[in-house]
Amino acid sequence: MFLYSIFKRLLFLAFAFVLIFITSNPVHAVLKEGDEVPNYVRSQITGIDLHGQDLSKSSIAGATARDADLSDVDLHGTVLTLSDLKGSNLNGINLTDTLADRVNFQKTDLRNAILVNMIASGSSFAGAQIAGADFSFSVLDNDDQKNLCELAEGTNPVTGVSTRDSLECSDDGGGYKPPMPGV
């Protein structure tokens with residue numbers, strides 16, 4: 001269990017460095033001429049309506065976006081570090097490959113969200129709705145993972161992955177099922 005924890009943290013750090021490099025290096029940007037990557041770093045965007053927009057590879061680090069409508073937004077490859085999204089509508093959001101450490105996801109609507117490969121260590125999901133969310137290969141704190149397993153139900157309509165399976169919940173209806181040593 002100790003080795004798994006160390007491995008998980010090393011994986012987090014490696015992914016964080018890669019993500020920071022990719023989002024800060026314009027050579028890797030896939031934008032058309034004249035397009036700008038949206039940047040909401042340290043912005044006060046509480047209540048903003050960005051429903052359905054493509055904000056991929058943008059940065060929302062340190063932003064306050066409480067009670068915002070980010071439903072069906074494509075935020076894959078973004079940096080959300082230290083953001084406050086409490087009470088926001090994130091239904092159907094795509095957070096694949098995001099760095100979301102120390103983010104406040106409390107009381108958010110994450111139903112049908114795609115959170116594949118997301119690094120969310122130190123984040124809080126208290127009171128979040130997660131039916132149909134896909135957390136496959138995401139890095140979450142053990143306590144968050146256990147608590148989310150208590151709420152896990154449904155299948156993501158885009159990926160076809162069940163929320164319980166994506167969180168690696170135990171089959172007996174209980175909480176998180178840690179990986180077997182040596183597997």
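Only the coordinates and a few stated rules stand behind these numbers; no lab work does. Note that the structure is a prediction, hence the values are computed from the model and not measured. All Cβ positions, even for glycine, are placed from backbone atoms using ideal geometry, and neighbour counts span all protein chains on display.
Given a Förster radius of 35 Å and the C-beta distance between T46 and E153 as r, what FRET efficiency does 1/(1 + (r/R0)^6) yield to the nearest 0.05? The pair T46/E153 has a calculated efficiency of 0.75.
Simple point charges give the picture: +1 on the Cβ of Lys and Arg, -1 on the Cβ of Asp and Glu, and for the stretch 54-151 a dipole about the Cα centre of about 160 debye.
Length available on full extension from D165 to D54: 0.36 nm per residue minus the Cα-Cα distance, which gives 37.2 nm.
For the stretch 63-74, 3J(HN,Hα) computed residue by residue from phi via the Karplus equation (6.51, -1.76, 1.60; θ = phi - 60°) reads 7, 10, 10, 5, 6, 8, 9, 10, 5, 6, 8, 8 Hz, glycine and proline entered as x. Per-peptide packing, taken as the mean over residues of other Cβ atoms within 10 Å, places 96-109, 40-53, 140-153 in the sequence 96-109, 140-153, 40-53 from highest down.
The equivalent ellipsoid that matches the C-alpha gyration tensor of the stretch 44-108 spans semi-axes of 15, 14, 10 angstrom, in descending order.
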